[in-house]
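Input: a single structure, listed below in structure tokens.
The values are calculated or read from the model by the stated rules, or taken from the named source; none is laboratory data. Remember, it's a predicted structure, so these values are computed and weren't measured experimentally. Here the Cβ is made from the backbone with ideal geometry for all residues, glycine too, and neighbour counts use every protein chain on show. Remember, those area values only see protein heavy atoms, side chains included, never the ligands or the DNA or RNA. Shrake-Rupley method; radii C 1.70, N 1.55, O 1.52, S 1.80 Å.
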Amino acid sequence: MKILVCISNVPDTTSKITFTDNNTAFNNQGVQYIINPYDELALSKAIDLTNSGANGSITVITVGDSSTEATLRKALAIGADNAVRIDSRPLDAWYVANQIVEYAKDKNFDLILTGRESIDYNGGQLAGLLGDLLQIPSVSIVKGLNVINNEATIEREIEGGKEIIVTQLPVVIGAAEGIAEPKIANMRGIMGARTKPLDIIASTMVDPLTTIVTYEAPPVRGTVTLIEEDNIDELVSLLHHRAKVI
Amino acid sequence: MSVLIYIENTDGVLKKSAFEAASYGKEIADSLQCDTVAVSIGNVTTHELEKLGNYGVKKVINITNDDLKTFVNQAYAAVITDVATKENAQVIIFTNSFTAKGLAPRVASKLKAGFVSGAISIPVITENSFQVKRTAFSNKAIATVSIQSDIKVITINPNAFAAKEVEGHAEIVNFEPSLESKDFGTMVKEIIRNTDKISLPDAEIVISAGRGLKGPENWGMIEELAQLLEAATACSKPVSDAGWRPHSEHVGQTGIVISPNLYIAIGISGAIQHLAGVSSSKTIVVINKDPEAPFFKVADYGIVGDAFVIVPKLIAAIKAHQGN
């Protein structure tokens, strides 16, 4: 099985989120970058499906500048066979999807895995865009995946339950929690990652369809009203009369 | 020209979020001086669809084709794109549901439309610009996004906009789509619903608990409180990681992001990743024995104390309140 895993390089989940250039750009000063947690689940699933590379190959791909290479090396250390970096800033989801399609369109991947969304821009668009541009099925928010021969059985999250879907490969999957247990790189993996191929590819011309104009901090919440534990009736009364939520 | 709204239903009943999307679309249509058109796929009665007229929808394109009884992402995307083209839609609105997360990007791609997911405001539209706010960095920031393409696709979060009733009547137009076999690449084999539970992303009240509950065997009082308030249950990441509760209940940065009217957090300290998932809730109540728990900083109401003492008291107090 030939698998492509799309990787996003994102600020660590504990990062303080601030902005520079008159609130038009993320301030990456002192920020640690990681593999997007959902993409890490996608990669972990790819490793399971190929039996750690014995039954296939795993390529990881990202659209980013040279600073993203540490994250790609980490993906190689966890178990990918080779990495591809498309040398460009990721301008928007449409731009990124088209770059990946340009690379993937003639390579016959059986499976393309992405995370359900990145934890920085949270667009959640990539799986659907890739599916449409490559004219193959896509399933977003996938919490279970099994592949037997050429058929994938997919568990998709729905409100208040789940849906079991079957499809023939190739398919694009947006990985969510539950699809796999995250894998950790061991020393052998880290040593091996240094010599695995990491190709740098020039980007193609695509006009983005959206632009982020400005960022702002979320509204500050008011201060807490503390209620004594012997006075729970007051809480119920406040929730009913003041907050009007019960 | 029109604003098109994709209307979701559950077993033939329109979701509450469908009316929210209709009202959101109506506001955009008013500023663009055009009509609001809805498209519904599935077995929904005319009577049910007519309700949309009270939320500003002028026309409902009703598709009841048997081949589209269950969700087929590619075929649904093709049908909605077809309707959008016929109705000359400038803006297409979806609710940011699990289904739309798969569907909206495919529709956007077909129309080469700029797509903003999880919008939190009505777009600001001028002659040369179309800007809309959405959350970014997992609720730790708000981004204003400009869409440059002629056609725009937007998904809005459930509960983020109140549905507004207006005087009006919706004309129901049955539509027979032309389907292509290449769009039936996926097949739904089975749908499994937790029928006794309120769906978490749609819930107006959410009762959430963390490691402070000490073990899965102690969730009985959480379930009881949830049932009493017709609320959904949720949990923190350590709880779902430990297998005490299913992943589908995990709210936070790497789980589900929610914005209910009332979020009650019990025995959850409020790590930054958890707060990211719930901080846009309208009212937050925190119950925690540690007065220094970071969750109190974003709470509206707080009780410092032992959950095992407070939750039963809260249940009794709510029962007394409901009895009145």
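Around residue A:213, under 14 Å between beta carbons, what's the net of Lys plus Arg minus Asp minus Glu among the other residues?
Here the charged neighbours net out to -1.
So what is log10(I(q)/I(0)) for region B:2-183 at q = 0.10, 0.11, 0.14, 0.15 1/Å, when the Debye sum runs over its Cα atoms only?
The Cα Debye sum returns log10 ratios of -0.34, -0.42, -0.69, -0.80.
Can you pull out the trypsin sites (Lys or Arg not before Pro) in region A:153-232 whose DSSP state is coil and whose Cβ has at most 10 other Cβ atoms within 10 Å?
Working: sites: A:156, A:162, A:183, A:188, A:194, A:221; in loops: A:183, A:194, A:221.
Listed in order of number, the matching sites are A:194.
Cα gyration tensor of region B:212-298, axes a ≥ b ≥ c as square roots of the eigenvalues: rounded (a/c below 1.5), prolate (a/b > b/c) or oblate? Write out the running numbers ahead of the final one.
Details: a/c = 1.21, a/b = 1.15, b/c = 1.04.
In terms of gyration-tensor shape, rounded.
Using modelled amide H (1.01 Å from N, peptide plane; none on Pro or chain starts), what sits under 5 Å from the amide H of residue A:226, excluding residues fewer than 5 places away?
Under 5 Å from the amide H of residue A:226 lie the amide H atoms of B:302, each far enough along the sequence or on another chain.
Placing unit charges on C-beta atoms (Lys and Arg positive, Asp and Glu negative, everything else neutral), compute the dipole magnitude of region B:205-323 about its Cα centre in debye, rounded to 20.
Values: 9 positive and 10 negative charges, 25 e Å.
The calculated dipole for region B:205-323 is roughly 120 debye.
Enter the per residue convex hull volume of region A:128-199, computed from alpha-carbon coordinates, in Å³ rounded to the nearest integer.
136
Among DSSP beta bridges lying fully in chain A, give the percent that are antiparallel, nearest 5.
40
Please identify the longest segment of chain B free of exposed trypsin sites (Lys or Arg not before Pro), where exposed means a DSSP state other than H, G, I, E or B and no more than 16 other Cβ atoms within 10 Å.
With trypsin sites (Lys or Arg not before Pro) excluded where exposed in loops, chain B gives B:1-68 as its longest stretch.
For region B:106-206, run through the GluC sites (Glu not before Pro) and keep only the ones in DSSP coil with at most 14 other Cβ atoms within 10 Å of their Cβ.
B:127, B:165, B:167, B:180
Are there GluC sites (Glu not before Pro) in region B:208-291 that DSSP marks as loop and that have at most 15 other Cβ atoms within 10 Å, and which are they?
Listed in order of number, the matching sites are B:230.
Could you tell me which residue out of B:21, B:218, B:169 lies farthest along the dipole of the protein assembly as shown toward its positive end? Charges go on the beta carbon: Lys and Arg +1, Asp and Glu -1, centred on the Cα centre.
Working it through, the farthest residue towards the positive pole turns out to be B:218.
Would you mind telling me the antiparallel percentage of the DSSP bridges in the protein assembly as shown, rounded to 5?
Here the share of antiparallel DSSP bridges comes out near 35 percent.
With every protein chain left in place, what is the accessible area of residue A:184 in Å² (1.4 Å probe, nearest 10)?
150
Taking the Cα centre of region B:92-239 as the origin, how large is its charge dipole in debye, to the nearest 20, when only Lys and Arg (+1) and Asp and Glu (-1) carry charge on their Cβ atoms? All intermediate terms of the calculation are to be shown ahead of the outcome.
On the way: 16 positive and 16 negative charges, 182 e Å.
Using Cβ point charges on Lys, Arg, Asp and Glu, region B:92-239 gives about 880 debye.
I'd like the Karplus ³J(HN,Hα) series for region A:239-246: coefficients 6.51, -1.76, 1.60, θ = phi - 60°, whole numbers in Hz, and an x wherever there's a Gly or Pro.
My calculation for region A:239-246 gives 5, 7, 8, 8, 7, 6, 10, 10 Hz in order.
With an 8 Å cut-off on Cα pairs and a minimum separation of 6 or more residues, tell me the relative contact order of region B:185-324 in percent.
Normalised by residue count, the contact order of region B:185-324 is 21 percent.
Report, to the nearest whole %, how much of the accessible area of region A:2-211 belongs to carbon and sulfur atoms, 1.4 Å probe, protein only. Show your work: numbers first, answer last.
Details: 4010 of 8620 Å².
The computed percentage sits at 47.
Using mean Cβ contacts within 10 Å as the protection proxy, how do B:142-150, A:49-57 order, highest first?
Numbers: B:142-150: 19.0, A:49-57: 13.4.
Ranking, from highest mean packing down: B:142-150, A:49-57.
Per residue, how much accessible area does chain A have with a 1.4 Å probe, in Å²?
It amounts to 45 Å² per residue over chain A.
With a cut-off of 8 Å between alpha carbons and a minimum separation of six or more residues, what is the relative contact order of region B:2-183 in percent?
This gives 30 percent for region B:2-183.
For region A:4-40 and region A:189-246, write down the distance between their C-alpha centroids in whole Å.
Comparing the Cα centres of region A:4-40 and region A:189-246, I get a distance of 13 Å.
Could you pull out every residue, at least 5 positions away or on a different chain, whose amide H is within less than 5 Å of the one on residue A:2? Hs are placed 1.01 Å off N in the peptide plane, and Pro or chain starts have none.
Sorted by chain and number, the residues that satisfy this are A:57, A:110, A:111.
Using just the C-alpha positions of region A:2-211 as equal point scatterers, what log10 of I(q)/I(0) does the Debye formula give at each q in 0.10, 0.12, 0.17 1/Å?
Taking Cα atoms of region A:2-211 as identical point scatterers yields -0.40, -0.59, -1.21.
Could you check which residue among A:81, A:207, A:120 shows the biggest mean-square fluctuation in a GNM of chain A with a 10 Å Cα cutoff?
It is A:207.
Rounded to the nearest 20 debye, what is the charge dipole size of the protein assembly as shown about its Cα centre when +1 sits on each Lys and Arg Cβ and -1 on each Asp and Glu Cβ?
960
Whenever you get a sec, compute what percent of the accessible area on chain B sits on carbon and sulfur atoms (1.4 Å probe).
Answer for chain B: carbon and sulfur cover 49 percent of the accessible area.
Show the residues, 5+ positions off or on another chain, whose built amide H is closer than 5 Å to the amide H of residue B:89.
Under 5 Å from the amide H of residue B:89 lie the amide H atoms of B:2, each far enough along the sequence or on another chain.
Ordered by residue, what ³J(HN,Hα) values in Hz, to whole numbers, does region A:219-230 give under the Karplus form 6.51 cos²θ - 1.76 cosθ + 1.60, where θ = phi - 60° and Gly and Pro are x?
So the J values, rounded to whole Hz, are x, 6, 7, x, 7, 6, 9, 8, 10, 5, 5, 8.
So which residue, out of B:192, B:272, B:63, gets the largest mean-square fluctuation from a GNM of chain B using Cα contacts under 10 Å as springs?
The residue that fluctuates most here is B:192.
Nearest 100 Å² is fine: what is the total accessible surface buried where chains B and A meet, probe 1.4 Å?
7000
List the relative contact order of region A:2-211 as a percent without decimals, with contacts defined as Cα pairs under 8 Å and 6+ residues apart.
About 26 percent, as a whole number.
Exceeding 29 Å between C-alpha atoms, which entries from my cross-link table qualify? They are B:26/B:112; A:16/B:16; A:45/A:105; A:105/B:133; B:101/B:140.
Listed pairs above 29 Å: A:16/B:16; A:105/B:133.
What are the principal axis extents of the Cα atoms in the protein assembly as shown, in Å, biggest first?
Principal-axis extents of the protein assembly as shown (Cα, largest first): 68, 63, 50 Å.
Determine the percent antiparallel among the DSSP beta bridges restricted to region B:2-183, to the nearest 5.
Details: 11 of 39 bridges.
That works out to approximately 30 percent antiparallel.
With springs only between Cα atoms under 10 Å, which of A:60, A:171, A:147 fluctuates most in a Gaussian network model of chain A?
So, out of A:60, A:171, A:147, the one fluctuating most is A:147.
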